[in-house]
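Peer 1: Take this structure, written in structure tokens, and hold onto it; I'll ask about it next.
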């Protein structure tokens, strides 16, 4: 009876160990696959940001643009900012701007293209104490100017994203369509532009070139999962050997 119970205990432990090893090894392999994907993404984004600016795609092409193949393309186009219009997007910092190290606001504003269409432009970054327009000089460029920037796609709202404060003109998501709807901007573009140039005369909002600084820790994660699998195998073998010796 005791022998049968002992064998049953070993069989049960073996089943659970094999299942756990399959999960741990699967997670390790998945992290290695994620590493290859992340390296490809970093290489692709770095290549796009290093290219010379191209003409902004015409409006008839906008429905065919996608974040996967078009985001982070550098573009150049003439446009005129609509005066007196802006939306402030709160940010705790930036993963793509080395010069943005603390909390503040991205200044989003509508710009009218020469054909009449409107695109939303992220004009740059302001520190918290510059939120009130009275604290900064009137720096909205006048007339049609040549803009250079990077095409970006809207963020998606997460479970813990705060609700936008329309009364205070503070947004917590870079979503130009939501801004346009609230502010009656007639925007059809599926993207917005992170502005690179020209800089305002007083330097506000502050501009800067985007840099690809995506974390790539997937190899360390894979090693951790494989290490746990190896440790579990060792514990299992020691336990089984001990059980067998006691039975002998």
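Peer 1: In degrees between 0 and 90, to the nearest 10, how far off the longest principal axis of the chain does helix 218-247 point, with axes built from Cα atoms?
Peer 2: Long axis of 218-247 versus the principal axis of the chain: about 10 degrees.
Peer 1: Between residue 33 and residue 59, what length comes free when the chain is fully extended (0.36 nm per residue of separation minus the Cα-Cα distance, one decimal in nm)?
Peer 2: 5.7 nm
Peer 1: Given the DSSP H assignment, sum -39500 (n - 2.57) over each helix run of at least 4 residues in the chain and divide by its residue total; what's the result at 222 nm in deg cm²/dmol, nearest 500?
Peer 2: Mean residue ellipticity at 222 nm (helix-derived): -13000 deg cm²/dmol.
Peer 1: Still on this structure, I have one more. Using the Kirkwood radius built from alpha carbon pairs, what does the Stokes-Einstein equation give as D for region 73-197 at 4 °C and 1.567 mPa s, in µm² per second?
Peer 2: Reported coefficient: 87 µm²/s.
Peer 1: Residue separation times 0.36 nm, minus the C-alpha to C-alpha distance between residue 76 and residue 42: what's the value?
Peer 2: Full extension of this stretch gives 9.9 nm more.
Peer 1: Please report Rg over Rh for region 123-201, where both radii come from the alpha carbon positions and Rh follows the Kirkwood definition.
Peer 2: Rg divided by Rh gives 0.96.
Peer 1: Also, quick follow-up: Taking 1 over the mean of 1/r across every pair of different Cα atoms in the chain, what Kirkwood radius in Å do you get?
Peer 2: 21.9 Å
Peer 1: Still on this model: Tilt of helix 2-50 relative to the longest C-alpha principal axis of the chain, in degrees (0 to 90, nearest 10)?
Peer 2: For 2-50 against the chain, the angle is about 20 degrees.
Peer 1: Give me the one-decimal Kirkwood hydrodynamic radius in Å for region 114-159, with the sum taken over alpha-carbon pairs.
Peer 2: Its Kirkwood hydrodynamic radius stands at 14.1 Å.
Peer 1: Quick one: divide the alpha-carbon radius of gyration of region 188-248 by 2.2 N^0.38 Å and tell me what you get.
Peer 2: Computed over Cα atoms of region 188-248, the ratio equals 2.69.
Peer 1: Next up: With a ≥ b ≥ c taken as the square roots of the eigenvalues of the C-alpha gyration tensor of region 77-122, please select rounded if a/c is under 1.5 and otherwise prolate if a/b is larger than b/c or oblate if it is not?
Peer 2: prolate
Read-outs throughout are calculated quantities, based only on the coordinates presented, and are distinct from any laboratory measurement. Owing to the predicted nature of the structure, the values given are computational and were not obtained by experimental measurement.
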